[in-house]
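**Student:** Dropping a structure here in structure tokens format, bear with me for questions.
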Amino acid sequence: MKNLTLIALALTLIATICVAKSPYQSVLQHSRIRGRPHGPNVCAMQKIQGTDKKYFTNCKQWYHRKVCGKATVISYECCPGYEKVPGEKGCPAALPLANIYNTLGVVGAATTQMYSDRADLREEIEGPGSFTFFAPSNEAWAALPTEILDALVSNVNIELLNALHYHMVNRRLTSEELKHGSAFSSMYQDFNVHIHHYPNGIVTVNCARLIKTDQHATNGIVHVVDRVITAITNNVHTFLDTDDDLETLRTAIAAAGLTAMLESEGHYTVFAPTNEAFEKIPPEMLNRILGDPVALKDLLNYHILKNMQCSEAIMTGTPMETLQGTMLEVGCEGDEMTLNGKAIIHKKDQLGTNGVIHYINELLIPDSAKTLLELAEGSPVTTATKLFVDAGLSSHLTGSEALTMLAPQNEAFKGSVSMTGPMKKLMTNHILKNQLSSKSLYHGQLLETLGGSKLRVFIYRNNLCIENACIAAHDKTGRFATMFTVDKVLTPPMGTVMDVLKADDQFSLLVGAIQTAGLTELMNQPASHTVFAPTNKAFSALPPADLNKLMGNKQELAKVLKYHIGEELLVSGGVGSHNRVKTLQGDKLDLGMRNYTVYVNKVPVIQADLMATNGVVHAVESIIKPLPPKVDREQADGPVGKVRLASASRFDSQVFKNDDLFQKVMKSHSSRTMTRVQ
């Protein structure tokens with residue numbers, strides 16, 4: 001029965017929300033459902049602690065218990081249009097209908113009622129008609145600057161009356177009819193009031209938030225708003241053109257050819273950098289951008305959102321698309337509006353007929369307006385950036401060449417790094433000719449570096465790598481060049497697999513074994529192999545007699561070595577939780593990554609990614625042997641399970657048919673390893 005009740009409640013919730021016709025109605029319905037245990041027509045409200053701000057609650061805010069990063073407390077109040085009855089639960093009674101004048105007195109707009117009296121508006125809003133009154137709350141009037149309020153009340157018959165008429169529309173408009181982007185002629189010279197209805201359920205008029213909606217009256221409807229609104233007569237560009245604090249911005253807009261756009265119809269949000277914001281930018285960088293029409297247009301479009309965003313409609317950080325094509329994180333922290341997490345907005349909600357302006361005291365510079373060096377600044381690649389500069393590559397990092405920089409993260413460098421001849425050459429090989437996008441790279445592609453090397457692209461299920469270095473962050477695409485952040489210092493291939501092994505003394509026994517087995521040509525010919533290379537220590541772990549016997553049997557030795565060579569090239573960054581690689585011997589190796597270490601058949605790789613022109617070498621300190629098959633523990637107790645276990649015990653002898661020598665070597669190596677562990 002309990003389950004049926006829960007199902008019925010869930011269906012009611014879904015049905016109720018689905019019936020809602022607007023974001024505001026959806027949020028209101030959610031608040032009603034949350035308040036239902038407290039009686040009929042009770043709505044759950046979230047109030048920001050320490051303030052008077054209240055919000056109907058949606059699912060996200062309900063569970064987070066935060067608005068603009070500040071903790072909220074839940075209160076339960078009568079939903080719009082209802083009131084309490086002494087001795088009864090909830091809010092069972094509908095508010096009695098009265099005219100607009102009397103309604104103002106009971107919905108928290110008594111100050112608006114008082115000023116309506118003083119401006120001789122009372123007779124009009126008590127009489128016949130059908131009006132919508134966006135009535136400022138008592139707190140809204142109290143927050144009005146003294147000089148503005150004095151100017152209004154000193155001339156009540158004109159200024160105050162005009163101001164009140166601008167808050168009125170000569171028709172009834174419910175919240176359902178307040179559509180996003182709509183405008184309605186006010187009763188003051190037909191100047192429009194501008195409506196925005198946001199996905200989070202907040203509705204604004206001229207960026208003032210509706211805090212009590214749909215308060216019905218006999219001659220209209222009242223919506224209580226959180227500020228006194230003023231008439232809007234100029235478009236966004238005209239507004240910008242009249243403020244001396246935005247002189248540099250005006251000049252830049254004209255140079256970029258954006259004047260016509262900001263004068264056209266639309267719903268823009270402009271984050272307007274002040275003169276001071278421009279002055280904070282290094283002169284060389286600023287002059288370069290101002291003198292480059294493409295970079296300048298990108299810079300300015302990065303400050304303009306495609307939609308109008310009032311500050312009062314923000315409850316949490318949200319990515320919003322700019323005209324430049326990338327995203328800005330527009331959010332809030334308490335009363336502060338933020339951009340990309342920074343409280344750099346010092347004047348909000350300056351309205352034009354086609355948008356809203358927020359003044360900012362820092363210039364926002366998109367990646368698309370930056371040089372390579374500027375892209376690297378502020379990114380976790382400072383060590384690499386210094387090495388590029390020390391290697392004499394600054395002209396490439398600051399010029400207009402089409403390049404791609406492979407910038408290793410700081411963690412990729414171990415200890416202190418000094419500039420030497422080989423290091424200079426290495427850093428030159430971290431810069432690719434041509435500006436590339438990681439999304440356009442393909443497996444097997446060859447990329448040429450400024451140092452003359454050819455680098456290969458490897459695409460794996462879990463990673464995209466250039467040689468041993470894998471992409472660790474999204475591309476940063478600058479004005480002329482692109483930066484790929486990679487997880488390792490690049491190792492360009494330095495010869496064939498055989499060359500790599502010969503160049504490292506720890507593989508001297510392996511080199512001899514390869515030569516004895518007649519595999520030298522295989523290790524030198526063009527291919528894409530992965531070699532799990534046993535070190536001298538791995539060979540020394542074998543009993544001398546067994547090692548000598550193995551080295552004396554060319555055919556068996558070749559099979560052992562081919563079991564250590566994968567058919568495809570796999571760098572460490574391409575290894576996931578479980579990979580299988582087919583060997584030249586025919587069987588497969590099990591690979592996995594644990595604590596940043598690659599394991600092959602449970603043997604750890606002690607040194608990864610020694611890159612060769614025809615493959616990659618990973619060093620191991622043990623001869624790799626086949627793993628026994630996994631047997632289900634429950635099935636192992638029955639007769640069938642015992643047969644399987646017996647079969648598993650003979651697995652090693654069956655991996656290489658009739659390879660007694662290989663099996664003996666494997667068992668001998670395993671026995672010695674176990675003895676050392678014990």
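**Student:** With Val500, Val531 as the choices, which residue is touching a residue at least 40 places away in the same chain (Cβ under 8 Å), outside any loop (DSSP other than H, G, I, E, B) and in contact with a His (Cβ under 7 Å, 6 or more places away or on another chain)?
**Tutor:** Numbers: Val500 fails: in contact with a His (Cβ under 7 Å, 6 or more places away or on another chain).
Among Val500, Val531, only Val531 is touching a residue at least 40 places away in the same chain (Cβ under 8 Å), outside any loop (DSSP other than H, G, I, E, B) and in contact with a His (Cβ under 7 Å, 6 or more places away or on another chain).
**Student:** Of all residues being surrounded by fewer than 18 Cβ atoms within 10 Å (Cβ to Cβ) and not polar (S, T, N, Q) in segment 392-411, which is nearest to the chain's Cα centre (by Cα)? Just the residue, please.
**Tutor:** Among those residues, the one meeting the criterion is Glu411.
**Student:** Another one. Looking at (1) more than 24 Å from Glu88 (Cβ to Cβ); (2) surrounded by fewer than 16 Cβ atoms within 10 Å (Cβ to Cβ), which one does Pro23 not meet, given that it meets all the others?
**Tutor:** Evaluating Pro23 over (1) more than 24 Å from Glu88 (Cβ to Cβ); (2) surrounded by fewer than 16 Cβ atoms within 10 Å (Cβ to Cβ) leaves (2) as the failure.
**Student:** Something else now. Does Arg479 satisfy the condition of being modelled with pLDDT of 95 or more and not in a loop (DSSP other than H, G, I, E, B)?
**Tutor:** For Arg479, the condition - modelled with pLDDT of 95 or more and not in a loop (DSSP other than H, G, I, E, B) - is not met.
**Student:** Moving on. Could you list all residues from segment 156-166 that are more than 15 Å from Val193 (Cβ to Cβ) and either surrounded by 13 or more Cβ atoms within 10 Å (Cβ to Cβ) or of a type in the set (Lys, Arg) (or both)?
**Tutor:** Keep residues of segment 156-166 that are more than 15 Å from Val193 (Cβ to Cβ), which gives 156-161.
Hits for segment 156-166 are Val156, Glu159, Leu160, Leu161.
**Student:** Ala402 is checked against (1) at pLDDT below 95; (2) at negative phi; (3) of a type outside the set (Phe, Trp, Tyr) and fails just one. What number does that condition carry?
**Tutor:** (1)
**Student:** Let me spell it out: the conditions are (1) in a helix (DSSP H, G or I); (2) touching a Pro at 6+ places or on another chain (Cβ under 9 Å); (3) not small (Gly, Ala, Ser), and Pro199 meets all of them except one. Which number is the exception?
**Tutor:** (1)
**Student:** Name the one entry in Pro526, Pro544 that is open to solvent by 10 Å² or more (accessible area, probe 1.4 Å) and under 18 Å from Phe458 (Cα atoms).
**Tutor:** Details: Pro544 fails: under 18 Å from Phe458 (Cα atoms).
Only one candidate qualifies: Pro526.
**Student:** Do any residues in segment 124-137 that are within 12 Å of Gly220 (Cα to Cα) and surrounded by 24 or more Cβ atoms within 10 Å (Cβ to Cβ) have Cβ atoms under 8 Å from those of residues that are modelled with pLDDT of 95 or more and among the charged types (D, E, K, R), where the two are at least six apart or on different chains, and which pairs are they?
**Tutor:** Matching pairs, first to second residue: Thr132/Arg171; Thr132/Arg172.
**Student:** Does segment 445-480 hold any residues that are of a type outside the set (A, V, I, L, M, F, W, C), closer than 17 Å to Leu570 by Cα and open to solvent by 50 Å² or more (accessible area, probe 1.4 Å), and which are they?
**Tutor:** Across segment 445-480, the qualifying residues are Arg461, Asn462.
**Student:** I would also like to ask the following. How about segment 167-186: which of its residues are under 18 Å from Val224 (Cβ atoms), in contact (Cβ under 8 Å) with a residue 12 or more places away in the chain and open to solvent by 30 Å² or more (accessible area, probe 1.4 Å)?
**Tutor:** Matches in segment 167-186: Arg172, Thr174, Glu176.
**Student:** I'd like to know if segment 343-363 contains one or more residues that are under 17 Å from Gly478 (Cβ atoms) and assigned to a helix (DSSP H, G or I).
**Tutor:** No, there is no match, as no residue in segment 343-363 is under 17 Å from Gly478 (Cβ atoms) and assigned to a helix (DSSP H, G or I).
**Student:** When you go through Glu247, Glu312, Glu265 one by one, which is the residue that is more than 21 Å from Asn192 (Cα to Cα), of a type in the set (Asp, Glu) and outside any strand (DSSP E or B)?
**Tutor:** Values: Glu312 fails: more than 21 Å from Asn192 (Cα to Cα); Glu265 fails: more than 21 Å from Asn192 (Cα to Cα).
The unique qualifying residue is Glu247.
**Student:** Here's a follow-up. For segment 21-46, how many residues meet the condition of being of a type in the set (S, T, N, Q) and on the phi > 0 side of the Ramachandran plot?
**Tutor:** Total meeting the criteria: 1.
**Student:** Further question on the same structure: Could you list, in sequence order, all residues of segment 314-325 that are open to solvent by less than 60 Å² (accessible area, probe 1.4 Å) and farther than 19 Å from Ala208 by Cβ?
**Tutor:** Thr316, Gly317, Thr318, Met320, Thr322, Leu323, Gln324, Gly325
**Student:** So which of Leu436, Leu363 ends up being in contact with a helix residue (DSSP H, G or I) (Cβ under 8 Å, 6 or more places away or on another chain), under 26 Å from Asp298 (Cα atoms), open to solvent by 10 Å² or more (accessible area, probe 1.4 Å) and touching a residue at least 12 places away in the same chain (Cβ under 8 Å)?
**Tutor:** Within the list Leu436, Leu363, the selection yields Leu363.
**Student:** Let me ask you something else. Of the residues Val228, Val205, Val224, which single one is in contact with a Ser or Thr (Cβ under 6 Å, 6 or more places away or on another chain) and modelled with pLDDT of 95 or more?
**Tutor:** Val224
**Student:** Please go through segment 338-348 and pick out each residue that is open to solvent by less than 20 Å² (accessible area, probe 1.4 Å) and in contact with a Cys (Cβ under 9 Å, 6 or more places away or on another chain).
**Tutor:** If we filter segment 338-348 for residues that are open to solvent by less than 20 Å² (accessible area, probe 1.4 Å), which is where we start, we get 338-339, 344-345.
Scanning segment 338-348 gives a single hit, Thr338.
**Student:** Among the residues of segment 366-382, write down those that are open to solvent by 50 Å² or more (accessible area, probe 1.4 Å) and part of a loop (DSSP other than H, G, I, E, B).
**Tutor:** The answer is Glu377, Gly378, Pro380.
**Student:** Something else about it: How about segment 93-114: which of its residues are open to solvent by 20 Å² or more (accessible area, probe 1.4 Å) and aromatic (Phe, Trp, Tyr)?
**Tutor:** None; the set is empty.
**Student:** (1) within 20 Å of Gly478 (Cβ to Cβ); (2) under 24 Å from the mean Cα position of the chain (by Cα); (3) surrounded by 14 or more Cβ atoms within 10 Å (Cβ to Cβ): which one isn't true of Thr385, the others all being true?
**Tutor:** Of (1) within 20 Å of Gly478 (Cβ to Cβ); (2) under 24 Å from the mean Cα position of the chain (by Cα); (3) surrounded by 14 or more Cβ atoms within 10 Å (Cβ to Cβ), only one is false for Thr385: (2).
**Student:** Assuming Gly615 fulfils every condition listed in (1) crowded, with 19+ Cβ neighbours inside 10 Å; (2) at pLDDT below 95; (3) closer than 25 Å to Met494 by Cβ apart from one, which condition is it?
**Tutor:** Unmet condition: (2).
**Student:** Which pairs turn up if I take residues in segment 301-327 that are in contact (Cβ under 8 Å) with a residue 60 or more places away in the chain and look for partners that are part of a helix (DSSP H, G or I) and open to solvent by 30 Å² or more (accessible area, probe 1.4 Å) with beta carbon separation below 8 Å, at least 6 apart in sequence or on another chain?
**Tutor:** From residues that are in contact (Cβ under 8 Å) with a residue 60 or more places away in the chain, the pairs are Thr316/Lys60; Thr316/His64.
**Student:** Got a number for residues in segment 580-605 being surrounded by 13 or more Cβ atoms within 10 Å (Cβ to Cβ), without any contact (Cβ under 8 Å) to a residue 12 or more places away in the chain and under 22 Å from Ala558 (Cα atoms)?
**Tutor:** 1
**Student:** Could you list, in sequence order, the residues of segment 274-309 that are open to solvent by 50 Å² or more (accessible area, probe 1.4 Å) and outside any loop (DSSP other than H, G, I, E, B)?
**Tutor:** Within segment 274-309, Glu276, Glu279, Pro283, Glu284, Asn287, Arg288, Leu290, Pro293, Val294, Lys297 qualify.
**Student:** Of everything in segment 54-78, what is in contact (Cβ under 8 Å) with a residue 60 or more places away in the chain, more than 10 Å from Ser31 (Cβ to Cβ) and assigned to a loop (DSSP other than H, G, I, E, B)? Give them in sequence order.
**Tutor:** Within segment 54-78, Cys68, Gly69 meet the criteria.
**Student:** For the condition part of a helix (DSSP H, G or I) and either out of contact with any Cys (no Cβ under 9 Å at 6 or more places or on another chain) or modelled with pLDDT under 95 (or both), what is the one hit in Leu173, Leu160?
**Tutor:** Matching residue, one of Leu173, Leu160: Leu160.
**Student:** Which of the residues that make up segment 402-417 are in a loop (DSSP other than H, G, I, E, B) and either in contact with a Pro (Cβ under 6 Å, 6 or more places away or on another chain) or under 14 Å from Ser368 (Cα atoms) (or both)? Lay out the reasoning, then the answer.
**Tutor:** Of the residues in segment 402-417, the ones in a loop (DSSP other than H, G, I, E, B) are 402, 409, 413-417.
Across segment 402-417, the qualifying residues are Ala402, Gln409.
**Student:** I need every pair where a residue in segment 483-496 that is among the small types (Gly, Ala, Ser) has its Cβ under 7 Å from the Cβ of a residue that is at pLDDT 95 or above and open to solvent by 10 Å² or more (accessible area, probe 1.4 Å), sequence separation at least 6 or different chains.
**Tutor:** Gly495/Thr613
The values are calculated or read from the model by the stated rules, or taken from the named source; none is laboratory data. Not measured: the values here are computed from a predicted model. Because the Cβ atoms are built from the backbone with ideal geometry, glycine has one as well, and the counts that use them run over all protein chains shown. These area figures cover heavy atoms from the full protein model, side chains too; ligands, DNA and RNA do not enter into them. Shrake-Rupley method; radii C 1.70, N 1.55, O 1.52, S 1.80 Å.
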